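Enquirer: Next up is a structure, given as structure tokens.
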Amino acid sequence: MDRYTRSWVATTLVLCWTKLAEATAPGALKLDNFTFTKVTSQPGWSFLVKFDQSYAYGEKEDEFKLLCKHAYEAPKLLIAEVPVQEYGDKENDDLRQTFKLTKDDFPAYFLIDEAHPQPGLRYSGSIKADLLANWLRKHNIKIPSIGTLEEFDALAKEFLQQGSSDSVLEKAKALAEGQFSADRKAGIYIKIMQKIKEKGEDYVDSEIKRVSKIAEGKIGADKKAELEDKLKILGVFAEKPGKEEL
């Protein structure tokens with residue numbers, strides 16, 4: 001690393017920590033129209049950027065705060081937010097226009113990295129920390145999953161890496177019938193493995209689309225929770241095995 005690069009990195013880190021102190025959510029990097037491009041164009045890093053009203057609150061903001069804390073463990077990922085003022089100085093309203101957003105779109109999330117340069121890839125799912133984490137994992141961001149079973153996550157990866165292995169499926173069944181017999185999530189892993197063996201790995205993406213559409217419709221709270229659990233677990237299978245960390 002040459003002197004210029006070291007200086008640039010040091011300056012960027014100072015900027016990051018300064019903005020972290022100002023951010024609404026702990027663990028989030030606050031960006032504005034002066035710093036947005038300078039920070040998000042940093043090579044080798046990924047940024048999940050939330051556009052929202054200033055001083056956001058409510059359930060969706062709580063999910064954002066949960067995601068920020070969880071993302072701490074993800075290498076080379078920064079969670080950022082752009083607070084947009086509707087009145088007064090209208091801070092960051094120009095960025096809102098650049099990203100073609102209206103206040104009705106808030107909160108809006110974009111993944112910006114080398115694979116998805118500005119304006120990035122927009123997230124279109126429900127604003128839930130676990131679903132956002134799974135979406136990031138699908139795009140090769142090494143963030144731990146939220147709300148899944150660690151033991152079965154490992155078996156899911158092994159199952160895919162070994163070409164839908166029968167032996168791994170049997171191990172998963174034994175675990176589901178034993179230690180996790182009271183956890184309905186275990187059964188979801190088994191059913192997904194069986195469907196992959198029957199229909200191939202393309203089943204995962206098509207099922208994510210199908211279940212997401214149903215989950216966004218008018219359904220009961222229990223059914224919605226069940227479908228959201230399935231989406232979390234499908235997200236584990238949607239990860240591309242064998243990818244190196246960013």
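Enquirer: Residues being part of a loop (DSSP other than H, G, I, E, B) and surrounded by fewer than 20 Cβ atoms within 10 Å (Cβ to Cβ): count how many of those fall in segment 102-122. Full working, then the answer.
Expert: Just the residues of segment 102-122 that are part of a loop (DSSP other than H, G, I, E, B), to begin with: 102, 106-107, 113-120.
Applying the additional criterion that residues be surrounded by fewer than 20 Cβ atoms within 10 Å (Cβ to Cβ) yields 102, 106-107, 114-120.
The qualifying residues number 10.
Enquirer: Let me ask something else. Please name all residue pairs, on different chains or six or more residues apart, with Cβ atoms under 6 Å, provided the first residue is in segment 188-203 and is open to solvent by less than 100 Å² (accessible area, probe 1.4 Å) and the second residue is polar (S, T, N, Q).
Expert: Correct list of pairs: 196/164; 197/164.
Enquirer: Sticking with this one: Could you give every pair whose Cβ atoms fall below 9 Å, whose first residue belongs to segment 43-55 and is at positive phi, and whose second residue is among the charged types (D, E, K, R), counting only separations of at least 6 or pairs across chains?
Expert: 44/76; 44/113; 44/114
Enquirer: Further question: Just to verify a result, which residue in segment 163-187, among those that are assigned to a loop (DSSP other than H, G, I, E, B) and within 21 Å of residue 227 (Cα to Cα), is least open to solvent (accessible area, probe 1.4 Å)? Break it down stepwise before answering.
Expert: Taking segment 163-187 first, the residues assigned to a loop (DSSP other than H, G, I, E, B) are 163-165, 178-183.
Filter once more, keeping what is within 21 Å of residue 227 (Cα to Cα): 180-183.
On the way: 180: 27, 181: 84, 182: 102, 183: 51 Å².
So, considering only residues that are assigned to a loop (DSSP other than H, G, I, E, B) and within 21 Å of residue 227 (Cα to Cα), the one least open to solvent (accessible area, probe 1.4 Å) is 180.
Enquirer: Would you pick out the residues in segment 76-115 that are under 14 Å from the mean Cα position of the chain (by Cα) and more than 18 Å from residue 65 (Cβ to Cβ)?
Expert: 76, 110, 111, 112, 113
Enquirer: Name the residues in segment 163-179 that are at negative phi and either under 26 Å from the mean Cα position of the chain (by Cα) or among the basic types (Lys, Arg) (or both), would you?
Expert: Of everything in segment 163-179, those that are at negative phi and either under 26 Å from the mean Cα position of the chain (by Cα) or among the basic types (Lys, Arg) (or both) turn out to be 171, 172, 173.
Enquirer: If you don't mind, another one. Quick check on segment 131-162: of everything there that is charged (D, E, K, R) and at pLDDT below 90, which residue is farthest from residue 228 (Cα to Cα)?
Expert: Step one: filter segment 131-162 for residues charged (D, E, K, R), giving 137-138, 142, 150-151, 153, 157-158.
Filter once more, so that each one left must be at pLDDT below 90: 137-138, 142, 150.
Values: 137: 16, 138: 16, 142: 21, 150: 17 Å.
Once the filter is applied, the top-ranked residue is 142.
Enquirer: Another question about this same structure. Say we look at segment 32-51 and pick out the residues that are under 19 Å from the mean Cα position of the chain (by Cα) and open to solvent by less than 20 Å² (accessible area, probe 1.4 Å); which of these is nearest to residue 87 (Cα to Cα)?
Expert: Across segment 32-51, the extreme among qualifying residues is 51.
Enquirer: Among the residues of segment 77-84, are any out of contact with any Cys (no Cβ under 6 Å at 6 or more places or on another chain), among the charged types (D, E, K, R), under 18 Å from residue 128 (Cβ atoms) and open to solvent by 30 Å² or more (accessible area, probe 1.4 Å)?
Expert: Taking every residue of segment 77-84 in turn, none turns out to be out of contact with any Cys (no Cβ under 6 Å at 6 or more places or on another chain), among the charged types (D, E, K, R), under 18 Å from residue 128 (Cβ atoms) and open to solvent by 30 Å² or more (accessible area, probe 1.4 Å).
Enquirer: Oh, and also: Would you check if there is a residue in segment 85-99 being modelled with pLDDT of 90 or more, of a type in the set (Asp, Glu) and open to solvent by 30 Å² or more (accessible area, probe 1.4 Å)?
Expert: Within segment 85-99 (the criterion being modelled with pLDDT of 90 or more, of a type in the set (Asp, Glu) and open to solvent by 30 Å² or more (accessible area, probe 1.4 Å)), the answer is yes, since at least one residue qualifies.
Enquirer: Something else: Looking at segment 58-75, is at least one residue in a strand (DSSP E or B) and in contact (Cβ under 8 Å) with a residue 24 or more places away in the chain?
Expert: no
The values are calculated or read from the model by the stated rules, or taken from the named source; none is laboratory data. Keep in mind it's a predicted model, so treat the numbers as computed, not measured. In this analysis, Cβ positions are derived from the backbone assuming ideal geometry, glycine residues included, and neighbour counts consider all displayed protein chains. Surface accessibility is based on the protein's heavy atoms, side chains included, excluding ligands, DNA and RNA. Shrake-Rupley method; radii C 1.70, N 1.55, O 1.52, S 1.80 Å.
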